[in-house]
1. Within region B:28-51, track down each residue that is out of contact with any Leu (no Cβ under 9 Å at 6 or more places or on another chain) and under 24 Å from B:Tyr100 (Cα atoms).
2. Of all residues in region B:164-189, which are more than 16 Å from the chain's Cα centre (by Cα), more than 22 Å from B:Ala142 (Cβ to Cβ) and not polar (S, T, N, Q)?
3. Looking only at region B:209-228, count every residue that is over 18 Å from B:Leu181 (Cβ atoms), more than 7 Å from chain A (Cβ to nearest Cβ) and surrounded by 20 or more Cβ atoms within 10 Å (Cβ to Cβ) and tell me the total.
4. Can you confirm whether region B:145-160 contains a residue that is part of a helix (DSSP H, G or I), touching a Gly at 6+ places or on another chain (Cβ under 6 Å) and more than 25 Å from B:Phe44 (Cβ to Cβ)?
5. Considering each of A:Asp75, A:Asp71 in turn, give the residue that is surrounded by 15 or more Cβ atoms within 10 Å (Cβ to Cβ) and more than 16 Å from the chain's Cα centre (by Cα).
6. With B:Ala142, B:Ala138, B:Ala134, B:Ala170 as the choices, which residue is of a type outside the set (Asp, Glu) and within 14 Å of another protein chain (Cβ to nearest Cβ)?
7. May I ask you to say which residue of B:Gly189, B:Gly202 is touching a residue at least 24 places away in the same chain (Cβ under 8 Å) and more than 25 Å from A:Val146 (Cβ to Cβ)?
8. Does region A:103-110 include one or more residues that are hydrophobic (A, V, I, L, M, F, W, C), over 15 Å from A:Leu200 (Cα atoms) and within 14 Å of chain B (Cβ to nearest Cβ)?
Amino acid sequence: MKLLRAGQWITGLALLLLAGVYVRALAFTPVERMQGLAQKIFYLHVPAAIWAETAMILVGIASVFYLFLKDPRLDRFAAASAEVGAVFAVIILTTGPIWGKPIWGTWWSWDARLTLTLFLFLLYMGYLLLRNAVSDPGERARFSAVLGICGMVLVPFIHFSVYMFRTLHPMPIVLKPSSPSLPPAMLATWLMSLGVFTLLYVGFVMQRYGLSYLREQLELAGDGGRGRGEG
Amino acid sequence: MRSPELLRQAWAVASKDLLIEFRSRTAIVSAAMFVILVLLVFTFARDPTAVAAIDLAPSILWVTLTFAAVLALNRAFQLELENQALDGLLLAPISRSSIYLGKLIANLVFVGTVELIGVPLLALFFNVAVWPYAGPLALVIALATLGFVSVGTLFSAMTVRTRVSDLLLAVLVLPFMIPPLMWAARATGPLLAGRPLSEIAGWLKMLAAYDIVFLALALFLFPATVNE
């Protein structure tokens, strides 16, 4: 299938570029004065975080449109986006402690954004579990759309409530109303990394989309065969 | 549809469920026993010399109520599984929203009853003065309960026919229960310590916002969770 193949190419390219970004991050970007080399994980951590949250919003939007349009493509996209979002949430939840240990002095803290990411991960996992548990394709699509919308609506609530507590995280330094407070070299590296993660997201989603299309075809064929065989 | 009619139909669905419950009383007695047992687990799992009961009381209260509510939520649509009663309910000339509202009301009455049993027992077992703060505490509990029961009722309509319905519902609904639970627990602490009500107004507003948003969302989304 063409989409699957294209997704594999894009993912391959993105992984190559990711290696390139890290060469740049390690060798050609200045070392942060306070944090030293530990700060290098920033180029992996923050783009993954941005895409993990964006993926949830995209799941929600696709779900809203699915309920109105009943287009199976939207459902396939939502499922793919949720899977990729779950992977990115795992990336954040693993790189976060690695960064946190030398800088905060602890692997884990019930810090605002950490908690939010954990919730995102739990929402994604719930979404994927529900998809697995429902066998009828139409029902599965409707149910997961309902859960996707609820998940998207829950995120701002968690966002708001966790920001009422103290946070160990730095306040946003790139995506904020005033101009970014990063040195230009770091910003450039970071923006490249964001671009690479965007490519990764697109590549992953295309692959999962293609796969779930193939799986649906298989299910349809299987059902047809079974229908005749078992009456 | 005019709203009095919606409410009347919702009440018809709710009273049907509550009548079934009232006649058998299995679920409510089990839920009440469950609450007592969870409170006992807390009693024996804590070191009474290490942590004062008043410090632990809000946590105990909310953990108990959360678990009891998760278990209770499955009941509403499980009732409809026998003899394909759900199909009959869907064929009835009433709107889907009133089915949802009816199930929500029945669940609220059910969970509310469990809470009415649980809170005095908490006061008794842990020697916490609840009575002086009964009004505000009831408000906190009511706001939190409305929030997570509206989400839970919606989700239980989806999970009921899956193989691992109890477990799956808990996994799906707990992330949605934790924010209201957190606000309610934060509000309960100062309340039981005798702090003025103005101190917890922020939490109450958060709870109210959550209730409004998720109740409206659930009413809107419920039709998608039942057969067309």
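The values are calculated or read from the model by the stated rules, or taken from the named source; none is laboratory data. Remember, it's a predicted structure, so these values are computed and weren't measured experimentally. A quick note on method: Cβ atoms are made from the backbone with ideal geometry, for glycine too, and the neighbour counts reach across all protein chains shown.
1. Across region B:28-51, the qualifying residue is only B:Ile28.
2. From region B:164-189, those more than 16 Å from the chain's Cα centre (by Cα) are B:164-165, B:167-168, B:186-189; that's our starting set.
Cutting the leftovers down to more than 22 Å from B:Ala142 (Cβ to Cβ) gives us B:164-165, B:167-168.
Residues satisfying the conditions are B:Val164, B:Leu167, B:Leu168.
3. Restricting attention to region B:209-228, the residues satisfying the condition of being over 18 Å from B:Leu181 (Cβ atoms) are B:216-217, B:219-228.
Still in the running and more than 7 Å from chain A (Cβ to nearest Cβ): B:216, B:219-220, B:222-223, B:226-228.
With surrounded by 20 or more Cβ atoms within 10 Å (Cβ to Cβ) added as a condition, the list becomes B:222.
Residues that pass the stated criteria total 1.
4. Of the residues in region B:145-160, the ones part of a helix (DSSP H, G or I) are B:145-159.
The next check asks that each one be touching a Gly at 6+ places or on another chain (Cβ under 6 Å); those that pass are none.
No: region B:145-160 contains no residue that is part of a helix (DSSP H, G or I), touching a Gly at 6+ places or on another chain (Cβ under 6 Å) and more than 25 Å from B:Phe44 (Cβ to Cβ).
5. Numbers: A:Asp71 fails: surrounded by 15 or more Cβ atoms within 10 Å (Cβ to Cβ).
On inspection, the qualifying residue turns out to be A:Asp75.
6. Numbers: B:Ala142 fails: within 14 Å of another protein chain (Cβ to nearest Cβ); B:Ala138 fails: within 14 Å of another protein chain (Cβ to nearest Cβ); B:Ala134 fails: within 14 Å of another protein chain (Cβ to nearest Cβ).
Every option except B:Ala170 fails the conditions.
7. Details: B:Gly202 fails: touching a residue at least 24 places away in the same chain (Cβ under 8 Å).
Answer to the check: B:Gly189.
8. Here is the first cut: in region A:103-110, the ones hydrophobic (A, V, I, L, M, F, W, C) are A:103-104, A:107-108, A:110.
Right, trim to over 15 Å from A:Leu200 (Cα atoms) and you get A:103-104, A:107-108, A:110.
Filter once more, keeping what is within 14 Å of chain B (Cβ to nearest Cβ): A:110.
Yes, because at least one residue in region A:103-110 is hydrophobic (A, V, I, L, M, F, W, C), over 15 Å from A:Leu200 (Cα atoms) and within 14 Å of chain B (Cβ to nearest Cβ).
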